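J.: There's a structure below that I have some questions on.
The values are calculated or read from the model by the stated rules, or taken from the named source; none is laboratory data. All values derive from a computational prediction rather than experimental measurement. Here Cβ is always computed from backbone atoms with ideal geometry, including for glycine, and neighbour counts include all displayed protein chains. The protein model used for the area step is the full one, side chains on, heavy atoms only, and it has no ligands, DNA or RNA in it. Shrake-Rupley method; radii C 1.70, N 1.55, O 1.52, S 1.80 Å.
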Amino acid sequence: MIKRKFSLLISILCLFFIAPIYAKNPCVRTVKLGLASDWPPLVIFKGPHTTGLEIEIAKQVFSDIGICINFVRLPSSSRSFTELQKGNIDFVLMASFTKERAKLGHFSAPYRQERMRLFGKIKDNLPTTLAQVFDRGESIAVSTGSYYGEEFEHLKAISENQKQIVEVANASRRARLLAMGRVDYFIEDEISGGALIKKYQIEDGVMLPYPVHDNNVHYLLRKDVFTAEDILNLNEAIARNKGMINDLIQAYSQPFRDH
């Protein structure tokens, strides 16, 4: 009965808790991590369990400073920042730095680099720039609420281009739209984009080398939860575990053809 009531409550809130990660060091306290939809291989939901590159990095880094993590499931990346502001979650993953986001919380030191690329299907005369995609009237699926750099933001602001942008919260659905020919491209981190092409067996799938956006990603931390000392300790843990983080990135990265 308690379980059913709890499930009903979280359905109304569009949030639900998944099993906590327990810290290797004695747990000083527990914080809430907001996670958007399944994003293989960065975030992978398997029943009550959550794994993936980003989860493994967070487990190691936060356990290093004695912090346990509870997961809060969110419907989209854009919802992460809203829930952070409301106090329903305490931090988010894979946050690119922007001035607007800096108003919502503290940024940690960067813990890995994100390399955003266009993924499409092999064809003659593939575009060599992001602007060419819009000039041709081709469509692009993107993650709802994600930041893809100043160039994309500039192109997105042009009214004629907006009808070519398809915002989709779920990474797997973005890949399926490409497989079905509903969009011409999707933008994705090269680690997850390559994995999605393979998962959905898009045999003519290709990664375009044009750098849509290369940048460091951080943890965005709620200001009234993480103190200056917490942030210092977290940044030191990121530095201490850099070798482990690089090993995990290598393990989760798969060779994928580009054009």
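J.: Past the 27 Å Cα-Cα mark, which pairs from Lys121/Lys156; Lys199/Lys242; Lys32/Lys242; Lys59/Lys199; Lys86/Lys198?
T.: Lys199/Lys242; Lys86/Lys198
J.: With unit charges on the beta carbon (Lys/Arg positive, Asp/Glu negative), name the residue among Asn246, Val133, Ala171 whose Cα is farthest towards the positive pole of the charge dipole of the chain.
T.: Highest projection toward the positive end goes to Ala171.
J.: Let me ask something additional. In debye to the nearest 20, how big a dipole does the chain give about its Cα centre with +1 on each Lys and Arg Cβ and -1 on each Asp and Glu Cβ?
T.: 1080
J.: Mind listing the long-range amide H neighbours of Ser96? Cut-off is under 5 Å, sequence gap 5 or more, other chains count too, H placed in the peptide plane at 1.01 Å from N.
T.: HN-HN under 5 Å from Ser96: His218.
J.: Express as a percent, rounded to the nearest 5, the fraction of DSSP beta bridges in the chain (both residues included) that run antiparallel.
T.: Taking every DSSP beta bridge within the chain, about 65 percent pair in antiparallel fashion.
J.: A follow-up question, please. Mind grabbing the accessible area of Lys242 for me, 1.4 Å probe, Å², rounded to tens?
T.: Result for Lys242: roughly 80 Å² accessible.
J.: How many angstrom separate the Cα center of the range 48-100 from the Cα center of the range 162-235?
T.: Cα centres, the range 48-100 to the range 162-235: 15 Å.
J.: Still on this structure, please answer the following. Determine the gain in length on full extension of the stretch Glu100-Ile158; use 0.36 nm per residue of separation and subtract their C-alpha separation, reporting nm with one decimal.
T.: 18.8 nm
J.: Select from the range 118-165 those trypsin sites (Lys or Arg not before Pro) which occupy a DSSP coil region and have at most 16 other Cβ atoms within 10 Å, ordered by residue number.
T.: Sparse-neighbourhood loop trypsin sites (Lys or Arg not before Pro): Lys123, Arg136, Lys163.
J.: On to the next question. What FRET efficiency comes out for the pair Asp224/Lys123, r = Cβ-Cβ distance, R0 = 41 Å, nearest 0.05?
T.: FRET efficiency, Asp224 to Lys123: 0.20.
J.: Starting from 0.36 nm per residue, how many nanometres of slack lie between Glu203 and Glu150 once their C-alpha separation is accounted for?
T.: Here the segment from Glu203 to Glu150 would lengthen by 15.9 nm.
J.: With each label point set 7 Å from Cα along the Cα-Cβ vector, what nm distance links Glu236 and Met180?
T.: So the two model labels end up 5.2 nm from each other.
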